[in-house]
Amino acid sequence: MPWTPLHSQLHQCLIDRQLLPLGANILVAVSGGQDSLCLGQLLRDLQSRWQWQLAVAHCDHGWTQDIGIADRVAQVTARWMLPFHCEITANLPETEAAAREWRYQSLIRIAQTTCSTYLVTAHTQTDRAETLLYNLVRGAGADGLCAMSWQRQLTPEISLVRPLLEVNRAQTGEFCREYQLPVWEDAYNQNLKYARNRLRLEIIPQLAADFNPQVESHLARTAELLRADVEYLESLARDWYQQALDEQGVKLDRVILKSISLSLQRRVIRQFLAQALGKMPTFSQIEDTIVLIKAPNRTRTSTFSHGLAAEVSGKWIVVRQ
């Protein structure tokens, strides 16, 4: 088959962003849809240039609409002459959240079994635009608006990589037709009871028709710009957090916190509460704690989980029962 512009685009992206190193052990998540089949074919075609060890993973949710898909993905994987791994579950609730959580846990297990240090998924520019809008209407801040990043750590040993974030669904569809890949149209992705499907099938096309034909690429570009800003702010916040933290790592210096901007205060407080509470704090908990920076001694927030609360103790903010 011919070397296409999409091959060149992905090859250059991998070089510029240093996403998948030479000789890496890579697990490719393939659902059977056009995006994942496109990704699998591209990586297989690039394999010899990058000397990768590739394997394919498929997750079968056990839902009625999934019947037969694992066999189809296995057939394509055999054509690619790659190892195939499949996990199947039963009685999984038909919700976006449950499916996503189960898939990632399954893919991590397969990656560990195959000694893969990179898990590659076929999230595209389209998915990135959807994620930005989805998180925007849920009231997310900048971190949520750029949540779909090029890569992130799933475990200390396994990195999640999304190399198609500058590729849209029109491109992956055309590629699959050119390569005659047997795309399976997931009925789940057409079900309008799911919020993301409504964004993809109704809202974004309406925005493109009424406001800007390039809305998808512009939303994805916004997410990319925000990502750079968030990474910079997080880097600064980590430095300030270390400066404000006492030697025992349990108190924050209010004097230091007063000297920085509100944006950095929020990020430092979030890091502090995440450590103290053992989970990410809510926006309300962060805002309640920020008030303590300038509050009188012994002022406390309302109770957090496990009976804990943040309190002013002299120049310090502490979390205690």
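Using DSSP, restrict attention to beta bridges with both residues in the chain and report what percent are antiparallel, rounded to the nearest 5.
Counting only bridges with both partners in the chain, antiparallel ones make up about 45 percent.
Once backbone amide H atoms are built at 1.01 Å from N, Trp316 has Arg254 as its partners under 5 Å, excluding neighbours fewer than 5 places away on the same chain. Multiplying the residue separation of Ala170 and Ala98 by 0.36 nm and removing their Cα-Cα distance gives an extension gain of 23.1 nm. Tell me, what is the percent relative contact order of the range 1-104, built from C-alpha pairs under 8 Å that lie six or more residues apart? In percent, rounded to a whole number, it is 24. When the chain is treated as a Gaussian network with alpha carbon springs shorter than 10 Å, the biggest mean-square fluctuation among Leu219, Leu37, Leu277 belongs to Leu277. Where only DSSP H runs of four or more residues are counted, the chain gives -15000 deg cm²/dmol as its mean residue ellipticity at 222 nm, each run worth -39500 (n - 2.57). Restriction of the trypsin sites (Lys or Arg not before Pro) in the range 244-280 to DSSP coil positions whose beta-carbon has at most 15 other beta-carbons within 10 angstrom yields Lys279. Using a Förster radius of 56 Å, what is the FRET efficiency between Ala209 and Asp246 based on their Cβ-Cβ separation? Nearest 0.05, please. So the FRET efficiency works out to roughly 0.50. Which net charge results for the neighbourhood of Gln125, defined as the other residues with beta-carbon distances under 13 angstrom from its beta-carbon, given Lys and Arg at +1 and Asp and Glu at -1? Taking every Cβ under 13 Å from that of Gln125, the sum is -1. Surface composition of the chain: carbon and sulfur make up 51 percent of the accessible area, probe 1.4 Å.
Computed from the C-beta positions of Asp16 and His218 and an R0 of 22 Å, the FRET efficiency is 0.55 to the nearest 0.05.
Placing +1 on the Cβ of every Lys and Arg and -1 on the Cβ of every Asp and Glu, with no other charges, gives the range 43-89 a dipole of roughly 280 debye about its Cα centre. In the full protein context, the chain carries 51 Å² of accessible surface per residue, based on a 1.4 Å probe and ignoring ligands, DNA and RNA. For the chain, the longest principal axis of the Cα atoms and the long axis of helix 5-17 meet at an angle of about 30 degrees. For the chain, the longest principal axis of the alpha carbon atoms and the long axis of helix 34-50 meet at an angle near 90°.
The aspartates and glutamates within cross-link reach of Lys294, meaning a Cα-to-Cα straight distance under 14 Å and a gap of 8 or more places when in the same chain, are Asp253, Glu311.
For the range 161-231, which chymotrypsin sites (Phe, Trp or Tyr not before Pro) are both in a DSSP coil and crowded by at most 12 other Cβ atoms within 10 Å?
Phe211
Helix 96-113 and the long axis of the chain differ in direction by around 80°, with both axes built from C-alpha atoms. Checking (1) 1.07; (2) 1.03; (3) 0.98 against the coordinates, the calculated Rg/Rh (Cα atoms, Kirkwood Rh) falls under label (2).
Scan the range 188-241 for trypsin sites (Lys or Arg not before Pro) in coil per DSSP, keeping those whose Cβ has at most 10 other Cβ atoms within 10 Å, and list them by number.
Lys193
Free of any GluC sites (Glu not before Pro) that DSSP assigns to a loop and that have at most 12 other C-beta atoms within 10 Å, the longest stretch within the chain is 1-156.
Counted by Cβ distance under 13 Å from Lys251, the other residues give a net charge of -1, where Lys and Arg count +1 and Asp and Glu count -1.
The values are calculated or read from the model by the stated rules, or taken from the named source; none is laboratory data. For clarity, every value in this text was computed on a predicted model and none was experimentally measured. Every residue, glycine as well, gets a Cβ built from its backbone with ideal geometry; the counts of neighbours run over all protein chains shown. Ligands, DNA and RNA are excluded from the accessible area calculation, which covers all protein heavy atoms including side chains. Shrake-Rupley method; radii C 1.70, N 1.55, O 1.52, S 1.80 Å.
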